[in-house]
Amino acid sequence: MSLIVTQYRRNTMRRALIVVDVQNEYFTGNMRIEYPPVAVSLPNITRAMDAARAADIPVVVVQHDAPEDSPIFAKGSPSWQLHEEVAKRSANHHINKVQASVFTGTDLAQWVADNGIDTLAIVGYMTHNCDAATIFEAAHQGLSVEFLSDAGGSPSYENAAGKASAEEIHRVFSTVFHSGFAAVASTEEWITAAREGKALERDNVYLSVQRTLKA
């Protein structure tokens with residue numbers, strides 16, 4: 001009986017693909033993504049968009065707005081524009097936001113409810129900032145979440161608290177996501193799951209810690 005119930009849930013899950021802030025700022029502006037390199041992440045983002053369209057999965061494209069005098073994402077500037085590869089693809093819904101989470105100050109929660117969405121697949125930038133804020137909030141709202149780790153990315157950071165490479169930031173956040181907040185997978189794995197209507201499995205905090213103690 002449990003197998004039948006599990007299969008039923010997998011076949012009736014309702015995904016949406018959330019394409020977060022794939023704007024020129026991250027390619028040619030002051031916030032260039034380093035890891036994974038955009039030569040890897042951008043093609044995977046567009047592959048996910050194309051696969052979503054083929055699988056009848058709705059796509060939400062998100063664009064971050066900043067004041068016109070901002071050094072990043074200045075509204076109306078070339079850096080604020082969506083990357084042409086994303087802009088030329090159709091979307092079911094478009095969201096402009098001013099905070100990290102795609103939920104904050106937007107209609108995403110209502111759109112999710114109106115469309116019977118129970119699973120959000122996250123791609124785009126930045127892994128540790130807007131992706132993270134959206135993943136955490138979605139998980140707290142009871143949604144299943146997926147993160148395509150080769151379809152996102154981070155720059156390096158340095159401030160009074162320390163210094164971290166783009167690879168470290170992306171890897172650590174991806175590891176934390178998979179400990180219970182989101183199922184982390186490659187774009188290829190996600191496309192296969194989406195095509196078959198199957199859920200991706202996430203890990204949990206307990207096992208994530210226990211594996212380090214046994215190493």
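Annotations
- Single condition Gly76 does not satisfy, out of (1) in a loop (DSSP other than H, G, I, E, B); (2) free of Cβ contacts under 8 Å to residues at least 40 places away in the same chain; (3) in contact with a helix residue (DSSP H, G or I) (Cβ under 9 Å, 6 or more places away or on another chain): (3)
- Test for Lys198: is it basic (Lys, Arg), within 19 Å of Asp50 (Cα to Cα) and out of contact with any Pro (no Cβ under 7 Å at 6 or more places or on another chain): yes
- Ile4 meets each of the listed conditions (1) of a type outside the set (D, E, K, R); (2) modelled with pLDDT of 95 or more; (3) not in a strand (DSSP E or B) apart from (2).
- Against the numbered list (1) touching a Ser or Thr at 6+ places or on another chain (Cβ under 9 Å); (2) under 21 Å from Ala39 (Cβ atoms); (3) not polar (S, T, N, Q), Val176 comes up short only at (2).
- Leading residue by the ranking (surrounded by the fewest Cβ atoms within 10 Å (Cβ to Cβ)) among those in segment 158-192 that are farther than 13 Å from Thr127 by Cα and aromatic (Phe, Trp, Tyr): Phe181
- Near pairs, Cβ below 9 angstrom, 6+ apart or cross-chain, from segment 193-214 (surrounded by 11 or more Cβ atoms within 10 Å (Cβ to Cβ)) to any residue that is aromatic (Phe, Trp, Tyr) and in a helix (DSSP H, G or I): Leu200/Trp190; Arg202/Phe177; Arg202/Phe181
The values are calculated or read from the model by the stated rules, or taken from the named source; none is laboratory data. In this text the structure is predicted, and so the values were computed from the model without any measurement. Note: ideal-geometry Cβ built from the backbone for every residue, glycine included; neighbour counts use all protein chains shown.
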